[in-house]
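Please treat every number below as a calculation from the coordinates, not as lab data. These numbers come from a predicted model, not from an experiment. Note that each Cβ is placed from the backbone with ideal geometry, even for glycine, and that neighbours are counted across all protein chains shown.
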Amino acid sequence: MAELTFFTGPMNCGKSTLALQIDYTEASAGRRGVRFTCQDRAGQSTISSRIGLAEAALEAHPHLDFWDFVTAGLTSGRRIDYLICDEAQFYEPAQIDQLARIVDDLGVDVYCFGILHDFRTEMFPGSARLVELSDRIEWLQARPRCWCGAPATHNARTVGGVMVTEGSQVVVGDTAPGAEVAYEVLCRKHHRRRETAWVGGMDLTPEPLPFDEGDV
Ligand SMILES: [Zn+2]
């Protein structure tokens, strides 16, 4: 039975690495797949992982019809057993519907990888549609940590080093130090308080200890 699977987690949890690993494992078993990405940090048409792996991919631009692409390929005699769909948060909801139809009607496995919500903590439309339609949602086990040590669950955007909570949903930046528009993963508390590693390190808002004076 073919499945639509959504692998998700915050930035820096190894989604693109897993995308390339699954592609490699499937190809090793003699299966034929097609890789897609959308606005990868390395530039168009590459799935790149932060630990150094990279493979060419097709760009899933907003007007790409996955159903038309796959049916045209199969009609022309091309074998397609699975799709690898990285950066799926950027896909149009209609494209996610096309992927579900490809699973159901063509028996092609579709592996999607993407973050769930944006720097404002709102879900990307493509990710929301994946949550609605996927057969399986897998949370990646390699969890990055907030600067405080807690598991990081939220993505913060910084501009010139300062965390922002307004702006357009899609601005491609990186978690590499020094970028003008950058992303940092935080726990929910520090995301809510807008305390990035830079602010946290400055110790501007020390937390009161959870004791009242009567206990001391
Ligand atoms: Zn934290």
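Dipole size of the chain about its Cα centre, with +1 on Lys/Arg Cβ and -1 on Asp/Glu Cβ: approximately 360 debye, rounded to the nearest 20.
In this rough spin-label picture, where each label sits 7 Å from Cα along the Cβ direction, the Q39-S168 distance is 0.8 nm. Would you compute, from DSSP H runs of 4+ residues alone, the mean residue ellipticity of the chain at 222 nm, taking -39500 (n - 2.57) per run and dividing by the full residue count, rounded to the nearest 500? That comes out to -8000 deg cm²/dmol.
Value of Rg to Rh for the range 54-170, rounded to two decimals, is 1.04; Kirkwood radius and Rg both from alpha-carbon coordinates.
Between the listed residues I22, M1, T37, the Cα displaced farthest toward the positive end of the dipole of the chain, a dipole computed from Cβ unit charges relative to the Cα centre, is found at I22. Within the chain, the longest run free of GluC sites (Glu not before Pro) that sit in a DSSP loop with at most 15 other Cβ atoms within 10 Å is 4-121. For the chain, the Kirkwood estimate of the hydrodynamic radius, built from every pair of different alpha carbons, is 18.5 Å. Straightening the chain between I51 and R78 buys 6.5 nm, computed as 0.36 nm per residue apart minus the Cα-Cα spacing. Relative contact order for the chain: 23 percent, from Cα pairs under 8 Å spaced at least 6 residues apart, divided by residue count.
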